[in-house]
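The values are calculated or read from the model by the stated rules, or taken from the named source; none is laboratory data. Just so it is clear, the structure is predicted and the values come from calculations on it, not from any experiment. Don't worry about glycine lacking a Cβ; one is built from the backbone with ideal geometry, like all the others, and counts go over all protein chains shown.
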4 protein chains.
Amino acid sequence: MNRLPDYDQLPPGPHGGRLGWGLFGAGDDLGLVNLLTPERVAEAAKLVRRGVGFSLDVPHGTFAPPLNSARGNPRHHVIAQPGGIGFDDVWDNVYPQAGSQWDSLAHIGYTREVYYNGATAEDIRAGRRNTVDGWARHGIAGRGVLLDIPATMRELGRDYDPGETVELGVAELEAARELSGVDYRTGDILLIHTGFGSWYRDAPPEVRKALPRGLRAPGLEHSEDVCRYLWNAHVAAVASDTFAVEAWPADTSEARQPFGFIHQMLIGSFGMALGELWWLADLAADCAETGVYEGFLVSAPTQAPGGIASAANAVLFK
Amino acid sequence: MNRLPDYDQLPPGPHGGRLGWGLFGAGDDLGLVNLLTPERVAEAAKLVRRGVGFSLDVPHGTFAPPLNSARGNPRHHVIAQPGGIGFDDVWDNVYPQAGSQWDSLAHIGYTREVYYNGATAEDIRAGRRNTVDGWARHGIAGRGVLLDIPATMRELGRDYDPGETVELGVAELEAARELSGVDYRTGDILLIHTGFGSWYRDAPPEVRKALPRGLRAPGLEHSEDVCRYLWNAHVAAVASDTFAVEAWPADTSEARQPFGFIHQMLIGSFGMALGELWWLADLAADCAETGVYEGFLVSAPTQAPGGIASAANAVLFK
Amino acid sequence: MNRLPDYDQLPPGPHGGRLGWGLFGAGDDLGLVNLLTPERVAEAAKLVRRGVGFSLDVPHGTFAPPLNSARGNPRHHVIAQPGGIGFDDVWDNVYPQAGSQWDSLAHIGYTREVYYNGATAEDIRAGRRNTVDGWARHGIAGRGVLLDIPATMRELGRDYDPGETVELGVAELEAARELSGVDYRTGDILLIHTGFGSWYRDAPPEVRKALPRGLRAPGLEHSEDVCRYLWNAHVAAVASDTFAVEAWPADTSEARQPFGFIHQMLIGSFGMALGELWWLADLAADCAETGVYEGFLVSAPTQAPGGIASAANAVLFK
Amino acid sequence: MNRLPDYDQLPPGPHGGRLGWGLFGAGDDLGLVNLLTPERVAEAAKLVRRGVGFSLDVPHGTFAPPLNSARGNPRHHVIAQPGGIGFDDVWDNVYPQAGSQWDSLAHIGYTREVYYNGATAEDIRAGRRNTVDGWARHGIAGRGVLLDIPATMRELGRDYDPGETVELGVAELEAARELSGVDYRTGDILLIHTGFGSWYRDAPPEVRKALPRGLRAPGLEHSEDVCRYLWNAHVAAVASDTFAVEAWPADTSEARQPFGFIHQMLIGSFGMALGELWWLADLAADCAETGVYEGFLVSAPTQAPGGIASAANAVLFK
């Protein structure tokens, strides 16, 4: 694939929006991660100047109670080796999506029946297609670019509360890009710092406890415009410090598909890697201080056969 | 710490060998990972030339039955979101040490009572010292250097079976280093490819099934010479494709401490990061083909509070 | 203990209500289960006439999503013995309180600080006092007596919806007892059939899905009168087909203690065994048909060292 | 089924021995548990004289390391309700077969391909046939009869070590029955006390640690005679204090089928419930003291859909 078509050149999808399937082959399971070519990795590695690495994963158990009450937090047992000279350990109840994570292309479909590039729910249950181990084998590394939303909102003179629903449209994303001083390059990994992560860290216990019953967060606007913008930027991945990348709540009803819940477009149609609940606050502070909003991002997804999601295991080097 | 002392300059330890404690401060929990400074990371990143990344983790469940029968393999559940449009997943029985992993400085002590830098077993149970989350926060990245043992043995004209106990002494390690054409630099991450990983992959089911009852593998010689060699190379970490880095079986009896089981020296005295069960075969093949035995190694240890070990989550870029 | 004092003869408790501590010794961990003496077991066994056993446990996974969103349902793996001639299995995420269960005397305290008979939270964490294994060793068997609330409400000409909050006071319990034609005997195990179990079974998916966010159920009235009534009946245990035995929601605020949430009285002060989410519908139908409301109840609590709760593992023989 | 045929009247099975299939219907999943009719339960309940109950389950974690190294012991987490007034708990890694348990008819087949009454491995994986929940719904209760092997061996003047392989043939079983003074009745639950349980309890740590690598235990002889004897006694179930009921090691090779490993006959052909690792020492002591070797046995198997095994959850009342 020498050059990706523009969004409006893509064929229309049967359930609305345009369809990004088939660009990397009929059996492709990797989606836009295919854009992370050796040439782009080598180019991105040149962004390592100071040698400072920012770990982008939150510790296990950071979100308590879990934001999605159908999930739980990891349980840890430290084991003394019987008669032995040391310790072992084991974890149970590890929901990758309860912490810093990648949604694989098996997580959400373009529709309820069909996933990225035509995979079926049965393909996914069987671990045959779209699962996260494909990305683990391929690797996810490239140029990471940070968009700093709280700083942008200040710049724009807007009130902004990262604990509320705020829809970030093309105007806001462009303003953030301009503030960062970067141009997009094909294969970029976009990091959207909304401030939700540090808002949560500082929230009082009663707010954290009530949150799962009324989830709200800033994020991508539910619109075709935002989808077009991200596609045309030809980013490989978008990660954010919220639980959904897109603004929440979404509208998952049939009537509003596919833009009511743009996971369906970004994952299901585009094959884009979405990262959620990443820790971006320290990186954002460094970007603001240094004026450098790009770096070499390396993630080592878990080698999890049939996995729906993976820990982010991500570091950005500047 | 401008420059580390030589091994023979270290103070003698009360249980034998020399003691590498206190060099990074009395309360230090990170050990030789402290050597991975921004300057060294920036230098190592320059080794990314082709942009090719080698994932150094094996898939979950690779070793079945588990090599250590006190551990098990991860169990996976794929969950259909009820009434929903996608999938979630959850893992149980995740023993980091059953797959590609880092031993933290909480894994094995210098003696049964005391761990790296004077931490106690109680400190470790309580998650107060030496646990793997310290490395996750600091990050593990630097120059990776591969020693290719099967190639070295062929060069030396020796019979060699990676399914048997073979003690690799200073002579063998030096021969491997010479074959690789590299000099050690302070903070290197040494990757010892013994061939055990691919031997296991190709072993018939009955051999795999019997292995846990009579574990054997090539690895570091049980000697002070090897400890001195590694210390004086000032490597930060040593990872291998075997389950113990050192030759197995070790001799954990009191009489042979601390060189019967050199985990006690490498982890407990030196504070060295040991990586086990890494997948090095593909990387070794590439090194042989290209003649380049070094690269930029990035690992993102799991943000596991109180963790004894972590998945390797490691990639080497060349 | 020849004869238990009446409720009004008990000493007043420092946080309200009367205190049932010390009647079976200062170090007693079993509470009213002590009333299940061999003589009473032998007497109750004579109630087995037809030889029909009613299993009182619901299947794993009956309540989905779990009624308490901090819990989950068991996860099951069937394992083919490698190269073997059969199957093994393993369960994870087994929350005893997500299904038919006994609350031990370690579950809820008389106050936040102190549990039945003066045990502390630290005693319970350490598994030293009040945990469910005491009952497993002692055994729980005796005369089971069913109170049929829906039938009683019909008899009383009252509207009744087992999916709503209905407070069952002394009048309702006495009416149910009269309908059943039984007198209480010391050591009885009272089974309160509210109809919640079959209401849940028949509820549409959307009602089940919404229930955890607004839990309601019929059950014991939040009053001292009901506590006095149960104590004076000298029952050893009360089990019901709801998740709380008492009407829900309770009021757990300080101001309403200890009768806003009578778990604090029944468990924390009386040392009474509470059974929750039992399956009583089939038994109730048989009682209505035969006019016999009593039987020999046998439960084998799990031998779970330090356990807070146990599966009911209960059968009633008639 | 008025009366079961004798063993020699059963049709020969295609892999040797005789086949007990079809006696309770072509689709039957319960096997000899069908013999536990209300009439027999009512009769057995009359054996409750003193009202003393013997719990027949060992505590979680009794066998450490697990006897079968492919299994593990349960892991327990006590959870403080956040901001709350009590505790909850959860268990992971619960292998029913690591403790006191029932093997269901899904555990071992008559051959590798076919299970009791013609069920296939696929039926079992899918939870369609022979799984333990059928017994949970039916209930397991009846007359329990104890055979005391150590006492019998003393009576016979034989050396006997319950930590060694000892094959118990018809002569030994008959001698034990005579010592107990009981006659078998159809539907009995036979309890074979070999002394293994207390031998293990008293074994030093190094013996326990080595045991999984060389499992040995007394138990049923590997012979058609023993199968014929048990069938003709028309017992519904046989439980023992060892891990296999039959003497160990068995011979699972094709050449010795089906009597080298009589699980294949007892479970796969007869549909007999086998109980393993039950705690029989206290009961045996009471039998010896009182001369009464029978009682009312009640087990409440776990309501585990698709379960291969279940905790015993068993009590014998005398």
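Within segment B:72-90, the set of residues being at the interface with another protein chain (Cβ under 7 Å from one of its Cβ atoms) and under 24 Å from the mean Cα position of the chain (by Cα) comprises just one member, B:GLY72. Among the residues of segment A:57-72, are any part of a loop (DSSP other than H, G, I, E, B), surrounded by 18 or more Cβ atoms within 10 Å (Cβ to Cβ) and of a type in the set (Lys, Arg)? Yes: segment A:57-72 contains one or more residues that are part of a loop (DSSP other than H, G, I, E, B), surrounded by 18 or more Cβ atoms within 10 Å (Cβ to Cβ) and of a type in the set (Lys, Arg).
Would you check which residues across segment C:263-318 are of a type in the set (S, T, N, Q) and either more than 12 Å from chain D (Cβ to nearest Cβ) or under 17 Å from D:ILE140 (Cα atoms) (or both) and list them?
Filtering segment C:263-318 for residues of a type in the set (S, T, N, Q) gives C:264, C:269, C:290, C:299, C:302-303, C:310, C:313.
Answer for segment C:263-318, where residues must be of a type in the set (S, T, N, Q) and either more than 12 Å from chain D (Cβ to nearest Cβ) or under 17 Å from D:ILE140 (Cα atoms) (or both): C:SER269, C:THR290, C:SER299, C:THR302, C:ASN313.
Just to be sure, is D:GLY187 part of a loop (DSSP other than H, G, I, E, B), out of contact with any strand residue (DSSP E or B) (no Cβ under 8 Å at 6 or more places or on another chain) and of a type outside the set (A, V, I, L, M, F, W, C)? So D:GLY187 fails the test.
If a residue has to be acidic (Asp, Glu) and under 20 Å from C:ALA237 (Cβ atoms) to count, how many in segment C:283-299 make the cut? Step through it out loud before you land on a result.
Initially, segment C:283-299 is screened for residues acidic (Asp, Glu), giving C:286, C:289, C:294.
From what is left, the residues that are under 20 Å from C:ALA237 (Cβ atoms) are C:294.
Final tally of qualifying residues: 1.
Taking residues in segment A:192-204 that are at positive phi, and partners anywhere that are in a helix (DSSP H, G or I), the pairs with Cβ atoms closer than 7 Å and at least 6 places apart or on different chains are A:GLY195/A:ILE149; A:GLY195/A:PRO150.
Scanning for something basic (Lys, Arg) and surrounded by fewer than 19 Cβ atoms within 10 Å (Cβ to Cβ), does segment C:1-19 turn up at least one residue? Walk me through how you get there before you give the answer.
Let us first name the residues in segment C:1-19 that are basic (Lys, Arg), namely C:3, C:18.
Now drop any that are not surrounded by fewer than 19 Cβ atoms within 10 Å (Cβ to Cβ), which leaves C:3.
Yes: one or more hits.
Residue-wise test of (1) more than 18 Å from A:THR194 (Cβ to Cβ); (2) without any contact (Cβ under 8 Å) to a residue 12 or more places away in the chain; (3) out of contact with any Asp or Glu (no Cβ under 8 Å at 6 or more places or on another chain); (4) surrounded by fewer than 19 Cβ atoms within 10 Å (Cβ to Cβ).
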position	(1), (2), (3), (4)
A:GLU224	yes, no, yes, yes
A:THR242	no, no, no, no
A:GLN257	yes, no, yes, no
A:GLY268	yes, no, yes, no
A:GLU276	no, no, no, no
A:ALA284	no, no, no, no
A:ALA300	yes, no, no, no
A:ALA314	no, no, no, no
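Does at least one position in segment B:100-110 carry a residue that is hydroxyl-bearing (Ser, Thr, Tyr), more than 14 Å from chain A (Cβ to nearest Cβ), under 28 Å from B:ASN34 (Cα atoms) and in contact with a Gly (Cβ under 7 Å, 6 or more places away or on another chain)?
As a first pass, look at segment B:100-110 and keep what is hydroxyl-bearing (Ser, Thr, Tyr): B:100, B:104, B:110.
Now drop any that are not more than 14 Å from chain A (Cβ to nearest Cβ), which leaves none.
No, every residue in segment B:100-110 fails to be hydroxyl-bearing (Ser, Thr, Tyr), more than 14 Å from chain A (Cβ to nearest Cβ), under 28 Å from B:ASN34 (Cα atoms) and in contact with a Gly (Cβ under 7 Å, 6 or more places away or on another chain).
Scanning segment A:80-131 for residues that are in a helix (DSSP H, G or I), free of Cβ contacts under 8 Å to residues at least 24 places away in the same chain and of a type in the set (A, V, I, L, M, F, W, C) gives a single hit, A:ALA121. When the residues of segment A:125-142 are filtered to those that are touching a strand residue (DSSP E or B) at 6+ places or on another chain (Cβ under 6 Å) and crowded, with 24+ Cβ neighbours inside 10 Å, the one that is nearest to the other protein chains (Cβ to nearest Cβ) is A:ALA141. Kindly provide the set of residues from segment A:104-120 that are within 22 Å of B:HIS60 (Cβ to Cβ) and either more than 20 Å from the chain's Cα centre (by Cα) or modelled with pLDDT under 95 (or both), ordered by number. Once the filter is applied, which keeps residues that are within 22 Å of B:HIS60 (Cβ to Cβ) and either more than 20 Å from the chain's Cα centre (by Cα) or modelled with pLDDT under 95 (or both), segment A:104-120 yields only A:ALA119.
For segment A:1-13, enumerate the residues that are at pLDDT 95 or above, part of a loop (DSSP other than H, G, I, E, B) and over 12 Å from A:GLU224 (Cβ atoms). A:PRO5, A:ASP6, A:PRO11 - these are the residues of segment A:1-13 that are at pLDDT 95 or above, part of a loop (DSSP other than H, G, I, E, B) and over 12 Å from A:GLU224 (Cβ atoms).
For segment B:25-50, which positions are of a type in the set (A, V, I, L, M, F, W, C) and in contact (Cβ under 8 Å) with a residue 24 or more places away in the chain?
Quick first cut of segment B:25-50, residues of a type in the set (A, V, I, L, M, F, W, C) only: B:26, B:30, B:32-33, B:35-36, B:41-42, B:44-45, B:47-48.
Answer for segment B:25-50, where residues must be of a type in the set (A, V, I, L, M, F, W, C) and in contact (Cβ under 8 Å) with a residue 24 or more places away in the chain: B:ALA26, B:LEU30, B:LEU32, B:VAL33, B:LEU35, B:LEU36, B:VAL41, B:ALA44, B:ALA45, B:LEU47, B:VAL48.
For segment A:255-290, filtering for residues that are of a type in the set (S, T, N, Q) and out of contact with any strand residue (DSSP E or B) (no Cβ under 9 Å at 6 or more places or on another chain) leaves 2. If the condition is being over 30 Å from C:GLN81 (Cβ atoms) and either out of contact with any Asp or Glu (no Cβ under 9 Å at 6 or more places or on another chain) or without any contact (Cβ under 8 Å) to a residue 60 or more places away in the chain (or both), then segment D:51-70 contributes only D:GLY53.
Just for segment C:25-44: of the residues that are under 19 Å from C:VAL238 (Cα atoms) and among the hydrophobic types (A, V, I, L, M, F, W, C), which one is farthest from the other protein chains (Cβ to nearest Cβ)? Among residues in segment C:25-44 that are under 19 Å from C:VAL238 (Cα atoms) and among the hydrophobic types (A, V, I, L, M, F, W, C), the one farthest from the other protein chains (Cβ to nearest Cβ) is C:LEU32. Hey, C:GLY25 hits all of (1) surrounded by 17 or more Cβ atoms within 10 Å (Cβ to Cβ); (2) at positive phi but one; which does it fall short on? Here C:GLY25 clears every test but (1). In this structure, does D:GLY142 turn out to be at pLDDT 95 or above and outside any helix (DSSP H, G or I)? Yes; evaluated as a whole, the condition is true for this residue. Selection over segment A:32-56 of residues that are of a type in the set (Lys, Arg) and either buried (at least 21 other Cβ atoms within 10 Å of the Cβ) or touching a strand residue (DSSP E or B) at 6+ places or on another chain (Cβ under 7 Å) (or both) gives a count of 1.
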